[in-house]
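*Asks:* A single structure is presented below for examination.
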Amino acid sequence: MNDSEGQILIPVEYWNGRNSLELEYPWIVPEAIQTLHYFTQPHHEVLEYGAGGSTLFFARRAKHVTSIENSSEWAAKVTAAAGQKGLNNISMYVAPTTEDCPDLTGRLFDIALIDCCEVDRRTALRVALGLLRPGSIVVIDNYDAVYCQGIEEILAGYPNKHNFDDLHWNLCGKGTKVVYT
């Protein structure tokens, strides 16, 4: 939902995470959603590891979304929701493990969102950084969680970073990190 000034309005039920498809928002810290709302342009190509409300969010704002999801059932649900909403600019790949991810060599993206379950987030981050155009952003949700250990070393050469921390994300890893390339 947008207000009259184009800001994102986050409804109360957003926090439970069960309505991400209906709300068409990534399930990340609201301030990071606002950043993505203003950053995303109609010509942008988006890469996401982990499908959901983010897929629909980007499909409404960007040229194309390449989504890599570990669950075939969830991928089918997201694809069906996109179809019902007339969003046909999504390529959905099912990859239960890192080894199953598609080869995206030669593709370039403007935004990468890493919010996946089974695909190793460190590997996803390394791949995404190699596929981003200059001036792009990469977003890592739950950046301080156990399964994200080691990402700070990967991001050492990127000085322009912002952490959006929120108490609602403390159990999963503080919040969402946005890195400008």
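Derivation of every value follows stated rules applied to the coordinates shown; laboratory data play no part. Computed from a predicted model, the values in this text were never measured in an experiment. Ideal geometry is used to build each Cβ from the backbone, glycine not excepted, and the neighbour counts take in all protein chains shown.
*Asks:* With +1 on each Lys and Arg Cβ and -1 on each Asp and Glu Cβ, and nothing else charged, work out how big the dipole of the chain is about its Cα centre, in Debye to the nearest 20.
*Replies:* 400 debye
*Asks:* Could you list Trp27, Trp74 in order of exposure, starting from the residue whose Cβ has the fewest other Cβ atoms within 10 Å? Can you show the working numbers first?
*Replies:* Values: Trp27 21, Trp74 16.
Arranged by neighbour count, lowest to highest, Trp27, Trp74 become Trp74, Trp27.
*Asks:* Between [x] 1.97; [y] 1.93; [z] 0.95, which matches Cα Rg over 2.2 N^0.38 Å calculated for the structure shown?
*Replies:* Only one listed value fits the structure, namely [z].
*Asks:* How high is the relative contact order of the chain? Use alpha-carbon pairs under 8 Å, at least six apart in sequence, and give a whole percent. Could the numbers behind the result be given before it?
*Replies:* Working: 352 pairs, mean separation 32.9, N = 181.
Taking the mean separation of contacting Cα pairs over the length of the chain, I get 18 percent.
*Asks:* Hey, another quick one. Arrange Lys174, Lys77 by Cβ neighbour counts within 10 Å, fewest through most, would you? Before the final figure, lay out each step's value.
*Replies:* Working: Lys174 20, Lys77 15.
Ordered from fewest to most neighbouring Cβ atoms within 10 Å, Lys174, Lys77 come out as Lys77, Lys174.
*Asks:* Give, as a single signed number, the net charge of other residues whose beta carbon lies under 14 Å from the beta carbon of Thr176, with Lys and Arg counted +1 and Asp and Glu -1.
*Replies:* On the way: positive: Arg121, Lys161, Lys174, Lys177; negative: Glu31, Glu48, Asp115, Asp141, Asp144, Asp165, Asp166.
Spelling it out: positives minus negatives among the neighbours equals -3.
*Asks:* Nearest 500 deg cm²/dmol is fine: what mean residue ellipticity at 222 nm does the chain get from its DSSP H runs of n ≥ 4 alone, each adding -39,500 (n - 2.57), divided by its residue count?
*Replies:* Values: 6 runs with 51 residues, N = 181.
That calculation yields -8000 deg cm²/dmol at 222 nm.
*Asks:* At what distance in angstrom do the alpha carbon centres of segment 28-62 and segment 75-146 lie from each other?
*Replies:* 11 Å
*Asks:* Arranged by the count of other C-beta atoms within 10 angstrom, fewest first, what order do His64, His43 take?
*Replies:* The order, fewest Cβ neighbours first, is His43, His64.
*Asks:* Also, quick follow-up: To make sure I understand the rule: partners must be aspartates and glutamates, Cα under 15 Å from the Cα of Lys177, and not fewer than 8 residues away in the same chain. Which ones qualify?
*Replies:* Glu31, Glu48, Asp115, Asp141, Asp144, Glu152, Glu153, Asp165, Asp166
*Asks:* Going toward the positive end of the dipole of the chain, with +1 on Lys and Arg Cβ and -1 on Asp and Glu Cβ, which of His162, Ser136, Gly53 do you reach last?
*Replies:* So the residue we want is Ser136.
*Asks:* Along the positive direction of the dipole of the chain (beta-carbon charges: Lys, Arg +1; Asp, Glu -1; about the Cα centre), which of His64, Ala81, Cys101 reaches farthest?
*Replies:* Value computed over the given set: His64.
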